[in-house]
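> The structure follows.
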Amino acid sequence: QPIYLSDYRPPAYRVTRTELTFDLDPNATRVKARLHVERHPEREAGVPLELDGEQLALKAIAIDGQPLAPDEYQVGEAGLVVHRVPEAFLLDTEVEIAPDGNTALSGLYRSSGMFCTQCEAEGFRRITFYPDRPDVMATFSTTVIGRTAQEPVLLSNGNPVERGELPGGRHFVTWEDPHPKPSYLFALVAGDLRKVEDTFTTVGGRDVTLQIWVEEENLDKTNHAMASLKRAMRWDEEAYGREYDLDLFMIVAVNDFNMGAMENKGLNIFNSAAVLTHPHTATDAAFQRVEGIVAHEYFHNWSGNRVTCRDWFQLSLKEGFTVFRDQCFSAETNSAPVKRIEDVSFFRTAQFAEDAGPTAHPVRPDHYIEIGNFYTLTIYEKGAEIVRMLSNLVGKEAFRRGSDLYFARFDGQAVTIEDFVGCMAEASGQDLTQFMLWYSQAGTPEIDAHGEYDYANAEYRLILRQRTPATPGQPDKQALHIPVRLGLVGTKSGRDLPLTLDGETLGTDAVIHLREEEQEFLFTDVSEAPVPSLLRGFSAPVKLHFPYAREDLAFLQANDSDGFNRWDAGQRLALLALDDLIAAHRNGVEKVMDQRVVEAFRALLAAETDDKAVLAQMLTLPSEAYIAEQQPLVDVDAIHAARTFVKQSLALALRDDFLRVYEAHRIDAPYAPEPEQIAARSLKNVALSYLMAIEDEAGLEFAREQFEADHNMTDVRHALTLLVHSSRGDIAAPALKAFGETWAHDPLVMDQWFAIQVTRPQSDVLDRVTFLMEHPAFSLKNPNKVRALIGTFANQNPVNFHRADGAGYRLLADTVIELNRLNPEIAARLVTPLTRWARFDETRQALMKGELERIRAEELSPNVYEVVEKALA
Ligand code: ARG
Ligand code: ZN
């Protein structure tokens, strides 16, 4: 059942042109397809024509105008075979499909009454019979016929070329997309939509019309996405020399969507959560997320669409590169160090966990059962880290030359990761052979480092040893090429010392290359004892162990010239303190707060000059999930107790500082999602969360005020969350009720209302989850709702999800079983927390595996089957 990368062959037949006609109907849409087919020049003649197709009722089939006799073809579960075909021919088919019954949200489906599509990766085969693979590229012409009243707007890829009225209250629009594309980039939208329009003139002088299509009530939530789009278009011209290539670029917001968004050529379709913003409904984080996703999908026009993937094993070719591109874009428009801190903390929490679990896979997998399961943090985020390493290895200029070469050489083609890395090697003259292992080896490499300062000889000897743990199917690993950016910070001067390695002067911040299992680096002319600042900016996606003393970490936190490592030193210091407290909790010993952490925080709070956005990050303790990631065995209760203790100790010791910081960063100006305001809000809200950790009277008053002032969703949501998570039900309950009533009409705000409630640490929360599942605003058919309620509970409420009685696991398994029938892709994602059973104690392991087995006993979709099989293997 799995398919293998090593089995790749070019398609036997290719399609050069695809002409589609959709006669839309909620229950019986007719799709006529005319395919211009020819034998692939590299493949032998006389091979039967095999087309993918799922859940299609075939109504007619003809070759070169001649209807086929029943014995000339065969329709099965997965597609259609025509036994004998000419070398080149026209294939006409007509099928019937049922968009209303499509709860998988793959193919053509309906969302809030509107028709829309999602074809990546393999949804097009649920629309018509087709060679549904990315290396088949055709120009498309699409005629969409709908009811004039219900579907006044009919959209598809490219440019509209014809429109007209039809009898029976129907009308049509024909779209022509001149750029050859694979089927996964096809899109169609039809419904009662309104648009916001703007224009953009490309550097080459092309006037592009920009449209964002939404439901009428959301017309006031598109400004930020439009502004982000224009910034992204300009940025791609400047940073990569990439210009837009059609006269029209459209974005459509839909409420029911499995992922964030989709880069269909000229017609990006977005989860409404990834495009709509308004100061009253979206937080700062949501504004930033929208900016990032709008840019991401736009950037795909080159990294993905113009140059696409040969096969789905190459998925990271477009996703890793495009994530890297959107990260760089966001870093430039926001606080760069904070963007890096946020990305890395997320990465080290979630991708490290994936890489250490039963579904670990290389950035380029070599086999899969269901490609829908491979839209993962590894493919996306680790893929982006690899591209970032490449960019740092070859240098900015060579990287740009390499990407120019890549886009020029492979424009209009479906290519591989070797093609991309090959361009980088060619442009830089570097040998990237060993580097390629990053794509094929799964698991997070660990570096054990230690160093010695030789005072007499003024030398610092740094020894690095690497190992990558075994992962499923990959017991033995080879040494990787790991770039380690570092500095040596002088303990006397507090400055970066000049680096001399093997007689070469490297400046004060340099990259050393670890290629062997163990390597020694001898720095000479080191004039004072240093503390090494290693892996600056997270220069490689690895775990770095160095036996830092706590004093060293406090020193780095105060003195490191690298903002990222300053933050990381603080995190490491806090983690050491947390380790002690976790042990104390487990041993029933009295908890004692490490005063070094208190002093480090005191110093941070006193240093007014610091970048406020970074300061807010430095004042934020590692999340429970990240702490768990560091533990050999996860004890959710001990982690929660330890973290709460640290938070409360800091709040008690530094109450006045937090009060001062809170008051100093209130904003009177109208809301703007701009770096300075965002920084001030996050700092103020971090301070508030400390005050609320001890339920300080002044803090409570601030929270209540902030909620009632209703200035913007960032402040309102934060205040409400703190109240709901506190023991003050007397204040929280009415606030929650008011919020729920005010926003009952807005699904995106109701998602937040669900999430706020189910992250509450108190033990009554599970009943709350069950109760909310019956709420009229909740629906299992809507992925955003599932994520907000069940996903948030299972992933962000460890103490309650991992209840010792297994009730949290049972609830998740019940939901997975139901969703397996409705939406396999979402079901397979939702099951993830259960697959991490090996990280827990024996009792919990047994309970989690029991639930996985209960799921396995069902009739499973390939998606859920693949994940559950791996988890139980
Ligand atoms: N290519 C899209 C993006 O990264 C994601 C599409 C995912 N589709 C899916 N069925 N999982 O922007
Ligand atoms: Zn993408």
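> Taking the alpha-carbon centroid of each part, what is the distance from region 369-415 to region 207-256 in angstrom?
Taking the Cα centre of each part, region 369-415 and region 207-256 sit 23 Å apart.
> A follow-up question, please. Where the centroid of each part is defined by its Cα atoms, how far is region 547-576 from region 1-32 in Å?
The distance from the Cα centre of region 547-576 to that of region 1-32 comes to 54 Å.
> Need one word for region 98-146: rounded, prolate or oblate. Basis is the Cα gyration tensor (sqrt eigenvalues a ≥ b ≥ c); a/c below 1.5 gives rounded, then a/b vs b/c decides.
oblate
> Please give the direction-averaged projected area of the C-alpha convex hull for the chain, in square nanometres with one decimal.
For the chain, the mean projected area of the Cα convex hull comes to 36.8 nm².
> Suppose a student asked you for the relative contact order of region 7-64, using Cα pairs under 8 Å spaced at least 6 residues apart; what percent would you report?
34
> Sort largest first and round to whole Å: the equivalent ellipsoid semi-axes of region 1-158, each the square root of five times a Cα gyration tensor eigenvalue.
Equivalent ellipsoid semi-axes, largest first: 27, 17, 15 Å.
> Next question. Could you please state, rounded to a whole Å, how far the C-alpha centre of region 743-803 is from the C-alpha centre of region 93-150?
Computed from Cα coordinates, the inter-centre distance equals 31 Å.
> Over the Cα atoms of region 231-333, Rg to Rh with Kirkwood Rh, two decimal places?
0.96
> Further, regarding this structure: From Cα pairs below 8 angstrom and at least 6 apart in sequence, can you work out the relative contact order of the chain, rounded to a whole percent?
8
> Then there is this: Report the relative contact order of region 533-604, percent, no decimals, based on alpha-carbon pairs under 8 angstrom and at least 6 residues apart.
28
> Counting Lys and Arg as +1 and Asp and Glu as -1, what is the net charge of the other residues whose Cβ lies under 12 Å from the Cβ of residue 23?
+1
> Okay, next question. Taking 2.2 N^0.38 Å as the expected size of a compact globular protein, what ratio does the Cα radius of gyration of region 591-673 give against it, to two decimals?
For region 591-673, the normalised Cα radius of gyration is 1.29.
> Can you list the equivalent-ellipsoid semi-axes of region 81-185, largest first and in whole Å, using the square root of 5 times each Cα gyration tensor eigenvalue?
Ellipsoid half-lengths, sorted descending, are 25, 18, 14 Å.
> Hey, another quick one. Evaluate the Debye formula for region 514-605 with equal point scatterers sitting on the alpha carbons, no solvent, and hand back log10 of I(q)/I(0) at q = 0.11, 0.17, 0.19, 0.22 Å⁻¹, in q order, two decimals.
Relative scattering, expressed as log10 I(q)/I(0), comes to -0.41, -0.86, -0.99, -1.17.
> Principal axis extents for region 807-873, Cα atoms only, whole Å, descending order, please.
32, 23, 18
> Rounded to whole Å and ordered largest first, report the semi-axes of the equivalent ellipsoid of region 776-838 derived from its Cα gyration tensor (root of 5λ).
Output for region 776-838: semi-axes of 19, 13, 10 Å.
> On to the next question. Could you work out Rg/(2.2 N^0.38 Å) for region 733-873, with Rg from alpha carbons only?
Against the compact-globule rule of thumb, the ratio is 1.06.
> I would also like to ask the following. Which log10 I(q)/I(0) values does region 750-809 give at q = 0.18, 0.22 Å⁻¹ under the Debye formula, counting every alpha carbon as one identical point scatterer?
For the requested q values the scattering log ratios are -0.53, -0.78.
> Right, next: Based solely on C-alpha atoms, express the radius of gyration and the Dmax of region 449-589 in angstrom.
Here Rg and the maximum Cα pair distance are 16.6, 54 Å.
> Highest mean first, what order results for 372-384, 354-366, 515-527, 584-596 on Cβ atoms within 10 Å?
Highest-to-lowest ranking by the protection proxy: 372-384, 354-366, 515-527, 584-596.
> Where does the charge balance sit around residue 202 when Lys and Arg score +1, Asp and Glu -1, over other residues with C-beta under 15 Å from its C-beta?
-2
> Considering region 31-80, what Rg and Dmax in Å follow from its alpha-carbon atoms?
Radius of gyration, then largest Cα-Cα span, for region 31-80: 12.0, 32 Å.
> Can you tally the net charge around residue 711? Count Lys and Arg as +1, Asp and Glu as -1, for every other residue whose Cβ sits under 14 Å from the Cβ of residue 711.
-1
> As a test of understanding, state the convex hull volume per residue of region 371-444 from its alpha carbons, in Å³.
Hull volume over Cα atoms, normalised by residue count, gives 96 Å³.
> Work from the charge dipole of the chain (Cβ charges, +1 for Lys and Arg, -1 for Asp and Glu, about the Cα centre) and give the residue of 427, 178, 747 farthest towards its positive end.
Farthest towards the positive end: 747.
> Projected area of region 663-779, taken from the Cα convex hull and averaged over every viewing direction, in nm²?
Projected area, direction-averaged: 7.6 nm².
> Binning every alpha carbon pair distance of region 716-756 at 10 Å from zero, what are the percents per bin?
In order of increasing distance, the bins hold 32, 56, 11 percent.
> Plugging the Kirkwood radius over Cα pairs into Stokes-Einstein for region 56-134, at a temperature of 10 °C and a viscosity of 1.306 mPa s, what D comes out in µm²/s?
Diffusion coefficient, whole number: 114 µm²/s.
> To test your reading of the geometry: what angle, between 0 and 90 degrees and rounded to tens, separates the Cα axis of helix 747-758 from the longest principal axis of the chain?
40
> For a 31 Å ceiling on Cα separation, which of these pairs sit above it: 396/543; 382/870; 265/785; 339/781; 318/785?
339/781
> Using only the Cα atoms, what convex hull volume per residue in Å³ does region 260-319 have?
Each residue corresponds to 78 Å³ of Cα convex hull volume.
> Which value, in debye to the nearest 20, describes the size of the charge dipole of the chain about its Cα centre when Lys and Arg Cβ atoms bear +1, Asp and Glu Cβ atoms bear -1, and nothing else is charged?
Roughly 420 debye for the chain.
Every read-out reported here was derived from the displayed coordinates using simple, explicitly stated rules and does not represent laboratory data. A quick note: this is a predicted structure, and the numbers were derived from the prediction, not measured. Using ideal geometry, Cβ is built from the backbone for each residue, glycine included, and neighbour counts are taken over all protein chains shown.
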